[in-house]
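Structure record follows, encoded as structure tokens.
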Amino acid sequence: MFTRLSNSWELVKASAAVLRDDKELIVFPIISTVGVLLVTISFALPMIFAGVFDSIISGQENNAGVISFIVALLFYVAQYFVIIFFNSALIGAAMIRLRGGDPTLSDGFRIAFSHIGSIFGYALIASTVGIILRTISERSRWLGRIVVSLIGLVWNLATFLVVPVLVVEDVGPFEAVKRSAQLLKRTWGEQIVGNLSIGVFFGALTIAVIFLIIAPSVYLMIALENPAIMIVMGFLLVALLVLISLISSTLSGIYAAAVYRFAAEGETGGYFEPELVQNAFRRK
């Protein structure tokens, strides 16, 4: 565990070096987060006013089941599209930096817009896979849910390089999925599992932040008999968690660009040690 945290920390430092040179890269996850919130609101409010939630809760499954599935699919597609679009802009800009250039926000948006058709196609594929796996999981027993979870892990691994492939190689969504799996298989072998992840570090950081804020808050609230402390500390906790999430998303996009460059071109752009990226995956 400590080895994984140490390796993840090295990835964080390497990715952060790119972010220091291009601080504007964090704008893409910020806009993506706002976009996801707007999508959620735009779907939730009409459903509430139309009484869809009431019909689902009341058990009118004949109509509600079909309607809820269609709405869920559209919601998934919209969310995936927003996330993948801005992630494409982030990775496209990061690739310019890793190749020695000096990217701007307009470069990232230009790259994403130039592949908008493929991005939408992949959003449709990813959302369909996601909702199918979720539906199967909800209707399965514990063993079935374990199997679905394993399938989900395999899918996430196989599609790890899809977005870099989309923005660099100018291929369609199906070809991008195939190409991602081929790059991983060719570079790390047929039987691979994820080994290094920036998420490991930020997951541990999130747990630490939650503990360090909640524990003192409870103590101060009891000692001072002032419930307002919990409200203030609650807002602080949410703000910190959002900040951690934005930084994690930005560094993860940079890391994905570096892994792609290593797999496709044999280079890491000078920010990442080749051995570090090479150990991103390992054999089972």
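Rule-based calculations on the coordinates, nothing more; no lab input. Remember, predicted model here, so these are calculated numbers, not experimental data. Note: ideal-geometry Cβ built from the backbone for every residue, glycine included; neighbour counts use all protein chains shown.
Brief remarks on what is shown
- Under the membrane-span-like helix rule (DSSP H runs whose alpha carbons stretch at least 15 Å along the helix axis, mean Kyte-Doolittle hydropathy 1.0 or higher), the chain yields 27-50, 61-98, 116-138, 142-158, 198-224, 228-265.
- Every pair of different Cα atoms in the stretch 159-276 enters the Kirkwood calculation, which places the hydrodynamic radius at 17.2 Å.
- Length released on extending from residue 21 to residue 169, taking residue separation times 0.36 nm less the Cα-Cα span: 50.8 nm
- Seen from all directions on average, the stretch 95-195 presents a Cα convex hull projection of 8.0 nm².
- The protection proxy used here, the mean number of other Cβ atoms lying within 10 Å of each residue, ranks peptides 15-25, 250-260, 92-102 as follows, highest first: 250-260, 92-102, 15-25.
- Most mobile of 226, 156, 87 in a GNM of the chain (Cα contacts under 10 Å): 226
- Using the Cβ-Cβ distance between residue 137 and residue 223 with R0 set to 51 Å, the FRET efficiency works out to roughly 0.70.
- Globularity ratio of the stretch 2-283, using Cα Rg and 2.2 N^0.38 Å: 1.12
- Contour excess over end-to-end distance, with Cα ends at residue 236 and residue 279 and 0.36 nm allotted per residue: 11.9 nm
- Signed unit charges on C-beta, dipole axis of the chain, positive-most listed residue 86, 29, 140: 140
- Placing unit charges on the Cβ atoms only, positive for Lys and Arg and negative for Asp and Glu, gives the chain a dipole magnitude near 700 debye about its Cα centre.
- Pair residue 243, residue 145: separation of 7 Å Cα→Cβ label points (nm): 3.5 nm
- Reach of residue 185 by Cα under 16 Å, taken over aspartates and glutamates that are not fewer than 8 positions away in the same chain: 175, 265
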